Every structure is written in C-alpha cells, then in structure tokens.
Amino acid sequence: MKLFNRTFILIAIATSVVACGGNETPNDSDAATTELAAGETQTVDYAVEGMVCAMGCAATIQKEVADIDGVTISEVNYEDEKAHFEFDPSKTTEAAIKAKIATIADGQYVLSSWEEKEEVTEEAVEAINEEEVAEEEESMVQVSLPSFKVPNLFSLLLNQL
C-alpha cells in the first residue's frame with residue numbers, strides 16, 4: 001500500500017511539472033516587432049469627420065489602419081476628432097491609409113488636414129463666463145409678487161367658538 005501511495009505521488013508531481021510547461025524560453029520569432037530608425041517613419045495627422053462614438057467609430061478606424069502592413073502607430077481620438085498615424089513609407093503610403101479609411105462604413109468618415117486648435121486658458125474661460133453672466137443680468141426682468149398675509153388658523157378657530 002505504501003508503494004502504491006509513493007508511486008501515485010511521483011506520478012502526480014511528474015504530471016504537474018510536464019503540464020506547467022517546464023522552463024521553456026520564449027521564441028523570438030513569435031514576437032513580431034519592427035524596429036525602425038527614427039528617419040524611416042513618416043507621420044501624418046488628420047481631422048476626422050463623421051465619427052459618432054469612441055468605442056465604435058474611433059476604435060474601428062484605429063484597428064483597421066493598424067492592420068495595414070507598415071503602420072507602426074495608429075491612434076484615433078474621438079473627442080479631438082483627430083487621427084495620428086506613423087508608418088514605414090517603404091511598406092505603405094499615405095494614399096493607402098486614406099483609401100482604407102474611405103472603405104470603412106461605406107465612406108462615412110471624411111479626412112481633412114489637421115490644424116492645431118488654439119488652447120483656451122482658464123482665464124479666458126472665466127472672462128467669457130463673466131461676460132455671459134453680465135449679459136444675463138442685464139436681460140433679466142425684475143418681477144415682484146403681491147404681498148398677502150396668511151390668516152392665523154388658530155385664531156380663526158378660537159373666534160368661531
């Protein structure tokens with residue numbers, strides 16, 4: 001019986017070591033990474049019109065362009081309506097990226113050149129808000145309600161007795 005228990009324990013240990021995979025080293029060919037020198041990539045930014053949501057539209061554009069061979073960075077920001085792509089010009093072109101986006105959702109997305117928008121500072125926002133408040137105060141109409149007194153119910157009941 002002791003021999004059976006020891007054999008069973010050894011088989012269990014051997015099975016767990018084999019099942020866990022042992023000490024294998026990762027295969028470098030599985031990790032498909034492309035290392036490019038800084039001068040070999042081209043960067044393009046576009047303003048994207050026609051997006052209605054971040055999870056559907058922006059994510060779809062980002063994924064579809066990232067699947068193009070040679071595209072190293074594909075970022076689409078729904079809130080800013082901006083698309084940023086970096087690619088290897090020896091593998092793909094800017095025209096190929098534009099063509100790919102034009103085929104998504106039956107041409108729903110329209111690309112135009114990206115122009116940096118001027119950032120609004122907090123002081124500018126406060127000044128605009130102060131102007132709006134001043135305009136609202138000028139346009140307000142003063143209303144006064146007629147004054148009236150509510151009779152004291154307790155004294156009315158006493159008078160009735």
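None of the figures in this text is laboratory data; all of them are computed from the coordinates on show. On a predicted model such as this, the values are computed, not experimentally measured, just so you know. No Cβ is skipped: glycine too gets one built from the backbone with ideal geometry, and neighbour counts run over all protein chains shown.
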Taking 0.36 nm per residue of separation between GLU79 and THR43 and subtracting their Cα-Cα distance, the length gained on full extension comes to 10.9 nm
note: segment 51-110, Cα-Cα separations exceeding 19 Å make up a percent value of 22 percent
Residue separation between VAL133 and GLU86 times 0.36 nm, minus their alpha-carbon distance, gives in nm 12.4 nm
Computed from the beta carbon distance with a Förster radius of 25 Å, FRET efficiency for ASP69 and GLU115 to the nearest 0.05 stands at 0.25
So LEU161 and GLU123, fully extended at 0.36 nm per residue minus their Cα-Cα distance, gain in nm 6.8 nm
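Using the number of other C-beta atoms within 10 angstrom as an exposure proxy, rank ASP45, ASP106, ASP67 with the fewest first.
ASP106, ASP67, ASP45
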